[in-house]
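Single-structure report; data block below.
Read-outs: derived from the displayed coordinates by stated rules, not from any lab. Given the structure is predicted, the values throughout are model-derived calculations rather than measurements. We place every Cβ from the backbone using ideal geometry, glycine too, and count neighbours over all the protein chains shown.
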Amino acid sequence: MPEPFDVVEAYNRYVITSCVSKVEPVVVKSGSGATITDLNGKEYVDCFSGISVVNVGHCNPKVVEAAKNQLDRLIHACAYVYYLEPVARLSEKLAQITPGELKKSFFSNSGAEAIECGLKLARKFTKKHEIIALMRSFHGRTFGTLSVTGQSGRRSYSMGPYLGSVAFAPTPYCYRCPLGLEYPNCGIQCAKMLEDVIRYSTSNNVAAFIAEPLLGEGGIIVPPNEYFEEAKKILEQYGILFVADEVQTGFARTGKLFAIEHYGVTPDVMCFAKAIAAGLPLGACTTRREIADIFEPGDHLSTFGGNPVSCAAALANIEYIQEQDLASRASKQGEYVMQRLDELKEKHQLIGDVRGKGLMIGMELVKDRETKEAAASETVKIRELCRQKGVLVGHGGTLGNVLRIQPPLVISQSQLDTAIEAIDQSLSEVK
Ligand SMILES: Cc1ncc(COP(=O)(O)O)c(C=O)c1O
């Protein structure tokens, strides 16, 4: 008999996990739809989707079939050395589904790389080098993307220095307005402040403004409706490109195919990853032709970017999202969940705010509704209690006090009810 293999023990010995506060104590064996099964056969309702990745459900059969077919044909040749059909088809699809004149894509392996590509293009196209990003934003873990990430907690001093030439604008965060104002009487000052940031925090050499349409890691922060329209006006005045980071919000998560569509503006560059290929690694940076064509030979490349298996999976994934109209489904289910969670406010004083769009929902927990003191340890505990009840939720926010509900968009009504019930009970137990 071979020795039983202890996954957790092997992790502790051989996997670098010092970079996370903890790995959730679930050894995942398989996933299907919105269900995750552990090594002991225990089933969980997955409300985190591997950080907002498997929007079409775990091991979606259409995606699996497309990936398997491609595996039998070709796994790798390099999309930038030879012509590959899945790459051509996927880029054509992205040109069709993205707003405006965004027609050409560069493929990478991850979200951070997609952003790197967007920032390089913006700098080269505008011949300017500064970047403006949002406080509390998150854009990735490479030096470039950490440099535009507005969270000191993720930019440890001992790993720096980071890129200079980055200025940060106030977060459009109505629950904790950094300007102390209240929506809608605020006049969207947070967007208007962009002009001050350009004029007083940069040398007016700004290539791009990068923002997530909804801030994910920052705590599911939903900018007010007028925010991006106001922002875009100012950006256009100063010849600054708008790079929309749709890495976490893309592919129907928020009730539209892309979250920026809620705001009625067209970005100059859009960056994707996570849900683009339902779990296979892939990132994409999509932009207008004149911006795309500014690269010269040698400016950019990726060995694995545009891997044909990932691209074939992505194409099947997008077709599935469209066929099943998962955006409308996310929108309806999201409204239901937010209403149910809102109702829990009466019962649980810990709930400070419930917000989101579609199935990208955050519940911000506070010790006191007046002072809004963050209830960070309670949030960790509730996540743990939910897990014990068979429901996996996420956790985030710059203050560590936001429960994140981002399930696969194919989640059933009864699974959603199970999740809400578990959150309700856990909130009662944590008191
Ligand atoms: C908005 C956003 N941008 C970029 C990234 C980085 O993506 P990746 O981890 O694939 O590099 C993330 C990851 O969480 C993200 O949420």
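Structure values in brief
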| quantity | calculated |
| --- | --- |
| Dimensionless Rg ratio for the range 180-260, taking C-alpha atoms and the 2.2 N^0.38 Å reference | 1.15 |
| Vicinal HN-Hα couplings computed from phi for the range 9-15 (Karplus, 6.51 cos²θ - 1.76 cosθ + 1.60; Hz; Gly/Pro x) | 4, 5, 4, 4, 7, 10, 9 |
| Cα gyration tensor shape for the range 327-431, rounded if a/c is under 1.5, else prolate or oblate | prolate |
| Rounded to whole Hz, the Karplus (6.51, -1.76, 1.60) HN-Hα couplings of the range 58-67, x for glycine and proline | 5, 6, 4, x, 5, 5, 4, 5, 4, 5 |
| Top of 216, 390, 239 by mean-square fluctuation, Gaussian network on the chain, Cα under 10 Å | 239 |
| Over the chain: helical MRE at 222 nm, DSSP H runs n ≥ 4 each giving -39500 (n - 2.57), nearest 500 | -11000 deg cm²/dmol |
| Ranked packing of 360-371, 18-29, most packed first, by mean Cβ within 10 Å | 360-371, 18-29 |
| Dipole moment magnitude, nearest 20 debye, the range 18-158 about Cα centre, only Lys, Arg, Asp, Glu C-beta charged | 600 debye |
| Under-5 Å amide H pairs with residue 135, H placed in peptide plane, nonlocal only | 169, 171 |
| Isotropic mean projected area of the C-alpha convex hull, the range 74-121 (nm²) | 4.0 nm² |
| Rounded if a/c under 1.5, otherwise prolate or oblate - the range 245-320, Cα gyration tensor axes | oblate |
| Ranked by how many other beta carbons lie within 10 Å on average, peptides 401-409, 2-10, 82-90, 222-230 from highest | 401-409, 222-230, 82-90, 2-10 |
| Over the range 182-333, equivalent-ellipsoid semi-axes from the Cα gyration tensor in Å | 29, 23, 11 |
| Space enclosed by the convex hull of the alpha-carbon atoms of the chain, per residue, Å³ | 157 Å³ |
| Disulfide-incompatible cysteines by the Cβ rule (no partner under 4.7 Å) in the chain | 19, 47, 59, 78, 174, 177, 186, 190, 271, 311, 386 |
| Relative contact order (percent, whole number), the chain, Cα cutoff 8 Å, 6+ residue spacing | 22 percent |
| Prolate/oblate/rounded label for the range 35-153 (Cα gyration tensor, a/c 1.5) | oblate |
| Amide hydrogen neighbours beyond the local backbone of residue 206, cut-off 5 Å, H modeled | 130 |
| Residue of 182, 296, 116 that the Gaussian network model of the chain assigns the largest fluctuation, springs spanning Cα pairs under 10 Å | 296 |
| Sum of side-chain charges, residue 93 neighbourhood, beta-carbon under 14 Å (Lys, Arg +1; Asp, Glu -1) | -1 |
| Value of Rg to Rh for the range 284-379 (Rh from inverse mean 1/r over Cα pairs, i.e. Kirkwood) | 1.21 |
| Inverse of mean 1/r across different Cα pairs in the range 172-217, Kirkwood, Å | 12.2 Å |
